[in-house]
Structures are given as C-alpha cells and as structure tokens.
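Read the structure below first, then the notes.
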Amino acid sequence: MSRQWHDQFSAPAQGPDVEQLARDTAAQSYEAIEAELARARRRFDATFHHAPVGMAHVALDGSFLLVNPRFCAISGYDADTLIRTGFQQITHPDDLNADEALLARLNAGELPRYSMEKRYIRADGAIIWVKLTVAMARDEAGDPELYVAVIEDLSELRQASFEAIHDSLTGLLNRRGFASRARDRPEIGRAHV
C-alpha cells in the first residue's frame, strides 16, 4: 500500500459533497425528532383529553394548570374557572387539612404518591365523593415542578353502598346495615343485663 493511497483514504473527507451530506443528515435528524415530538404530543393529548378519569396538573401552590374534560364533568366547573382557582377552593372544608397534610408529606419526600377519598363541592353546590391520587413531577434538576392528580368519581359507588344497607322507604338501616354495624362495633350487638 502506498503512502499516497493511505493519505488519501485516511484523511477526513472534505469538500462541497461532504458538507451537503452533513446538512442533509442534520435536516433528516431534525425532521425525525420533530416527527417524534409531534407523535408524543398527540399521544399525550389523546391520553389526557380522552381519559375516563379526571386528570389535572396542579402548581405547587395548589392552582390548576391544566385540567381534562372528565375532571370538568366531575367537578361541574369549566376549565377556565378551575384554572382561575385551586384545589383548596373546591375541596370540602372538612377534607382540606388531611389533603394538605398528605401533600406536605409528598413534598418532604416521605411519600412517592398518595391516595385518599375526599369530597369536592361542585359548581352547583352539590357535595360529591372522589378518589384522589396525587404524584409529584420533578424538573431536570430533581426539584418539585408540579403535581399530577387523577380524580375518580365515587358518587355512584357511594350511593350503591348506602342503598345496600338502608331501607329504601325510610332511609333507616336495614337488616344488612344493622348486622354490618354490629360486626364493626361489637358493643352494639351485646345485650345489656
């Protein structure tokens, strides 16, 4: 092998053809990245907007950043109204301290996520029960960025549970309800002597 041949094929490629190839490759890479980002955005939008449960992105101060249509249906508020408020304004006052205590533990790193049953006050004033699950999303540096909340409507389940142990005419405990309470509280089932 001659030194000239070696120098010719071992030297870095140069010239207008190489530069054009580099530009074309960069453009193709950029287009592929853009296409992948667009695909990821479509998937996120489909998941968020068509989810069968309520979903919300919540700022660290409790204000809503983004809410999906199902959460709007559960809460009775439109998206604009929810975004102008925070979870504190729609949470039943008797449940707010428990929610905030769990949030503090999440912020402190004691919990990776939490779930709780709580009440919301709907736009029409009705009280509804939901199951709330909250996780924290962190930024690139690992600092808290926002909360991701999933909200499930428990209204039908709670109503069915109530109806299962109450008389439909009087609303009083039926036999099943009384037996359930007796099992939970043995002092109720004991005869007094």
| field | Residues being exposed (fewer than 13 other Cβ atoms within 10 Å of the Cβ) and either in a helix (DSSP H, G or I) or not charged (D, E, K, R) (or both) - total across the range 99-114 | value | 6
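Results for (1) open to solvent by 30 Å² or more (accessible area, probe 1.4 Å); (2) modelled with pLDDT of 95 or more; (3) of a type in the set (Gly, Ala, Ser), shown as yes or no for each residue.
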{"residue": "Lys131", "(1), (2), (3)": "yes, yes, no"}
{"residue": "Gly142", "(1), (2), (3)": "yes, no, yes"}
{"residue": "Ala149", "(1), (2), (3)": "no, yes, yes"}
{"residue": "Leu157", "(1), (2), (3)": "yes, no, no"}
{"residue": "Ser161", "(1), (2), (3)": "yes, no, yes"}
{"residue": "Ile165", "(1), (2), (3)": "yes, no, no"}
{"residue": "Leu172", "(1), (2), (3)": "yes, no, no"}
{"residue": "Arg175", "(1), (2), (3)": "yes, no, no"}
{"residue": "Arg183", "(1), (2), (3)": "yes, no, no"}
| said: If the requirement is being open to solvent by less than 60 Å² (accessible area, probe 1.4 Å) and without any contact (Cβ under 8 Å) to a residue 60 or more places away in the chain, which of these qualifies: Phe44, Phe71, Phe48? | reply: Phe48
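The values are calculated or read from the model by the stated rules, or taken from the named source; none is laboratory data. Owing to the predicted nature of the structure, the values given are computational and were not obtained by experimental measurement. Methodologically, a virtual Cβ is constructed for each residue, glycine included, from the backbone with ideal geometry; neighbour enumeration extends over all protein chains shown. Surface accessibility is based on the protein's heavy atoms, side chains included, excluding ligands, DNA and RNA. Shrake-Rupley method; radii C 1.70, N 1.55, O 1.52, S 1.80 Å.
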